[in-house]
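The values are calculated or read from the model by the stated rules, or taken from the named source; none is laboratory data. No experiment lies behind these values; they were computed from the predicted model shown. Every residue, glycine as well, gets a Cβ built from its backbone with ideal geometry; the counts of neighbours run over all protein chains shown. Accessible surface is based on the protein model in full, side chains and every heavy atom, while ligands, DNA and RNA are left aside. Shrake-Rupley method; radii C 1.70, N 1.55, O 1.52, S 1.80 Å.
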Amino acid sequence: MKYDRRILFLCVNAAIFSVILWFIVDGYSSSMGHSDGYRESYYSDSGSEKVLLIQKGLSRNDKKNYLHLRGFVESARNFPSIDLAVVENARVDNVGRIVSEYVSRGFTHIFIHGFVYDVELGNLFRSYPGVTFFMYDGDSRENNVINYIPRTYEIKYLQGLLAGRMTKTGHVGYISEINHNNKDRSVNAFALGVQRVNPFAKVHLLWIDDDHDLGAQAAAILIKESGADVINGSLDNCQWCELAEDAGVMYFGEFGDKSGAIRNLRLATFNYNMNVVYSFFFSAISNGERKIWHNYWFDYRQKVVEFTQLNSNAPAESKIEIRNEIARMREGVNRIFYGPVYSNRMRLIIPADSSVSDRYLEDMPLWLNQNIVEMGILEGKSSESEEVQEFNYDGAVRLAEMLGEQYSQIP
């Protein structure tokens with residue numbers, strides 16, 4: 001009898017310990033939003049971890065690249081055990097060579113920003129099973145890849161609520177890069193925001209392929225051909241801001257832009273704080289955390305994305321709606337993609353009283369909300385390839401400071 005009680009005592013305590021351990025691990029990872037379980041991350045035995053950031057775009061022209069770079073180097077200041085390097089102007093055809101070179105130099109943690117996940121990247125990741133890759137806005141399923149994704153669509157939804165109230169013509173323009181999950185999430189969230197406050201308004205969508213410098217031209221087309229009196233978009237820079245200002249059309253800025261807004265036409269902008277993201281991962285790396293989750297969604301709860309600079313002329317209804325939605329987002333309640341939702345081909349996408357999972361949003365098939373009117377694809381020339389630039393920590397700091405001064409001088 002005593003023997004049976006001892007076994008029972010040990011079993012009960014083991015069960016309690018397992019539950020406590022599960023809550024600790026789950027609480028750590030769910031604080032940033034996760035899905036699909038954890039992956040193994042690999043660490044060196046040298047006492048310092050070598051961490052690389054690879055960016056595809058041109059830093060001097062792309063404010064999002066600058067914000068990633070700034071967050072990367074500023075976060076690293078608090079983690080002296082991390083040996084940091086940055087590669088700018090990488091391309092699809094040379095990213096494999098870059099990875100091979102840095103892996104041979106002992107880099108075991110590689111962040112990749114600006115690339116869309118494809119077969120070639122999948123093969124690259126599998127070629128280095130001892131390296132942990134962190135892919136911005138990725139949807140990779142490889143065991144050694146961590147996807148980190150901002151809920152930019154939360155801000156676009158808030159902007160849609162305001163655009164639906166502010167449009168006088170019932171026609172709103174939107175400019176987006178084509179074939180990118182994050183852009184699809186954003187345009188649909190924006191359109192849902194417009195629809196929920198103004199069911200008869202239309203969102204006229206113009207796709208841009210490759211050439212982001214066509215943003216101003218796209219805005220001119222939307223204003224002239226669609227009668228749009230509000231312009232928004234999902235590009236790396238706000239090329240439509242100056243055009244809209246000159247045309248007397250309301251618009252939304254990007255990444256806290258400092259466009260003149262002389263006529264009080266800018267409705268709002270949003271902040272994009274990558275320091276939070278990289279500090280989170282650097283902390284895990286420097287502490288030797290081996291088990292980290294496969295996907296991380298960063299959102300309003302961590303202030304990675306924030307709705308800012310609300311126009312003083314915004315109606316009282318919009319201010320209340322936006323304030324209430326932000327309160328829900330800060331609590332982790334997200335009812336943006338909540339049914340019933342129909343596509344513009346009148347196909348039921350999300351049934352009534354239902355919502356979609358993060359896994360669905362990561363791999364979201366291309367559909368457009370029922371109030372979206374496609375205007376076609378604006379073709380342009382691809383950006384000229386720039387020479388790959390490589391920086392150690394000190395060089396990356398100087399680059400971030402130089403770009404920061406450049407952006408601060410933009411009117």
Rounded to 0.05, the calculated FRET efficiency for the beta carbons of ARG77 and ARG345 at R₀ = 51 Å is 0.50
Return the subset of LYS156/LYS303; LYS224/LYS319; LYS156/LYS224 for which the Cα-Cα distance in this structure is over 18 Å, preserving the input order. LYS224/LYS319; LYS156/LYS224
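Report, in debye and to the nearest 20, how large the dipole of the range 279-334 comes out about its Cα centre when Lys and Arg carry +1 and Asp and Glu carry -1 on their Cβ. Can you show the working numbers first?
On the way: 8 positive and 7 negative charges, 46 e Å.
My answer is approximately 220 debye.
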If you average the C-alpha positions of the range 226-252 and of the range 153-176 separately, how far apart do those two centres end up, in angstrom? 11
Given points 7 Å out from each Cα along the Cα-Cβ axis, report the ARG196 to SER100 separation in nanometres with one decimal. 5.0
For GLU120, the accessible surface traced by a 1.4 Å probe with all protein chains present amounts, in square angstrom to the nearest 10, to 120
Heavy-atom accessible area with a 1.4 angstrom probe orders ARG323, ARG141, most exposed first, as ARG323, ARG141
Please work out how much length the chain gains when fully extended from ASP353 to ARG91, using 0.36 nm per residue of separation minus the C-alpha to C-alpha distance, in nm with one decimal. 90.0 nm
Euclidean distance of C-alpha centroids, the range 86-149 and the range 302-372, integer Å: 31
How much area per residue is accessible in the range 159-289 when the probe is 1.4 Å and only protein heavy atoms are counted (Å²)? 32
PRE zone check, label point 7 Å out along Cα-to-Cβ of VAL276, amide N under 17 Å, scope the range 110-149, hits 137, 148-149
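With a/c under 1.5 counting as rounded, go ahead and sort the range 273-411 into rounded, prolate or oblate using the C-alpha gyration tensor (a ≥ b ≥ c being the square roots of the eigenvalues; past the cut-off, prolate if a/b is larger than b/c, else oblate).
Since a/c reaches 1.5 and a/b is larger than b/c, the shape of the range 273-411 is classed as prolate.
Grab the Cα-Cα distance for ASP394 and SER127, subtract it from 0.36 nm times how many residues apart they are, and report the gain in nm with one decimal. Could the numbers behind the result be given before it?
On the way: separation 267, 0.36 × 267 = 96.12 nm, distance 3.02 nm.
Between ASP394 and SER127, full extension yields an extra 93.1 nm.
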Which of the peptides 89-100, 219-230 is most tightly packed, and how do the rest follow, judged by the mean count of other Cβ atoms within 10 Å per residue? 219-230, 89-100
What distance in nm separates the two pseudo spin-label positions at LYS168 and VAL116, each 7 Å out from Cα along the beta-carbon direction? 3.8
So for R0 = 25 Å, FRET eff. of ARG301-HIS180 from the Cβ-Cβ r, to 0.05, ends up at 0.55
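Which of the three applies to the range 183-232, rounded, prolate or oblate, going by the alpha-carbon gyration tensor with a ≥ b ≥ c and a/c under 1.5 meaning rounded?
Working: a/c = 3.07, a/b = 1.41, b/c = 2.17.
Note, shape of the range 183-232 comes out oblate.
Using a probe of 1.4 angstrom, how much of the accessible area of the range 290-411 is carbon and sulfur, in percent?
On the way: 3300 of 7020 Å².
On the range 290-411, the fraction of accessible area on carbon and sulfur atoms equals 47 percent.
If each residue of separation counts as 0.36 nm, what is the full-extension length gain between ASP209 and ILE320 once their alpha-carbon separation is subtracted?
Working: separation 111, 0.36 × 111 = 39.96 nm, distance 3.69 nm.
Extra length available between ASP209 and ILE320 comes to 36.3 nm.
For the range 108-219, take the convex hull of the Cα atoms, compute a quarter of its surface area, and give me that in nm², please.
Numbers: hull surface 32.5 nm².
With the hull built on Cα positions only, its mean projection is 8.1 nm².
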